[in-house]
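Have a look at the structure below, then the notes.
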Amino acid sequence: MSHGWYASYKLFNCKYISEKKYKINHQIRVPEVRLVYPEKEINQVVSIDKALELAAEAGLDLVEVSPKTNPPVCKILDYGQLLYANKKLKQNERKKQKTGEVKGIRISYNMGKHDIEMRTKQTTKFLEKGNKVKIEMILRGRQKAHPEHVKEVFDTFMNSVATEYNIEQPLKRNGHKMILVLTPMKK
């Protein structure tokens, strides 16, 4: 028998099933099963006693992999290696998932030209890396009474962002903050 979780996955030719509770050996309570045993090229309907006997001879477990079929499909394999292979596949699947972070950029009501350029460069860099960008402006005192100026500042900021983007959440007031969320354009 080959070693390593991937080799055992290939050997057993089993599909990854997330957190499934398998019935093994004497937990299987049906009179007949469709037995799959790749090493001896067995793929036939046999009695449960015969299947358990074959599994015991091989020193492996009888595992019910498809209980909903009639008769249920069982494989002769090492149950511990099956669980290990499924665990490793789940870990690799989790590693491959990309979770885009939400990066925050704060702009102000009276912001200088150079500061806006720096913030737009940061925003462009975040969007190119595939992150969401949350742009917020905190309004103080009389600034809350002039939403038209706030929209002008946001418009000039958005026009100077170099990459293409989607607006996930349009400009919205949240208490004393104005918030806008951008996501990168799908390729």
Being surrounded by 13 or more Cβ atoms within 10 Å (Cβ to Cβ), assigned to a helix (DSSP H, G or I) and hydrophobic (A, V, I, L, M, F, W, C) is the filter here; which residues of the range 119-145 pass it? 126, 127
Considering only residues that are in contact with a Lys or Arg (Cβ under 8 Å, 6 or more places away or on another chain) and among the small types (Gly, Ala, Ser), which ones fall in the range 99-136? 100, 104, 130
With the checklist (1) in contact (Cβ under 8 Å) with a residue 24 or more places away in the chain; (2) assigned to a helix (DSSP H, G or I) in hand, flag the one item residue 69 doesn't pass. (2)
Residues 88, 10, 21: which one is outside the structural domain of residue 141 (by TED's automatic domain parsing), of a type in the set (Lys, Arg) and either within 30 Å of residue 178 (Cβ to Cβ) or at pLDDT 80 or above (or both)? 88
Taking the range 72-82 and the residues there that are in contact with a Leu (Cβ under 7 Å, 6 or more places away or on another chain) and without any contact (Cβ under 8 Å) to a residue 60 or more places away in the chain, the one that is surrounded by the fewest Cβ atoms within 10 Å (Cβ to Cβ) would be 76
Given the conditions (1) modelled with pLDDT of 85 or more; (2) aliphatic (A, V, I, L, M); (3) touching a Lys or Arg at 6+ places or on another chain (Cβ under 9 Å), every one holds for residue 65 apart from (1)
Filter the range 102-124 down to the residues that are charged (D, E, K, R) and out of contact with any strand residue (DSSP E or B) (no Cβ under 6 Å at 6 or more places or on another chain), then identify the one that is farthest from residue 135 (Cα to Cα). 113
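The values are calculated or read from the model by the stated rules, or taken from the named source; none is laboratory data. Values in this document were obtained by computation on a predicted structure and should not be read as measured data. Virtual Cβ from ideal backbone geometry, glycine too; neighbours counted across all protein chains shown.
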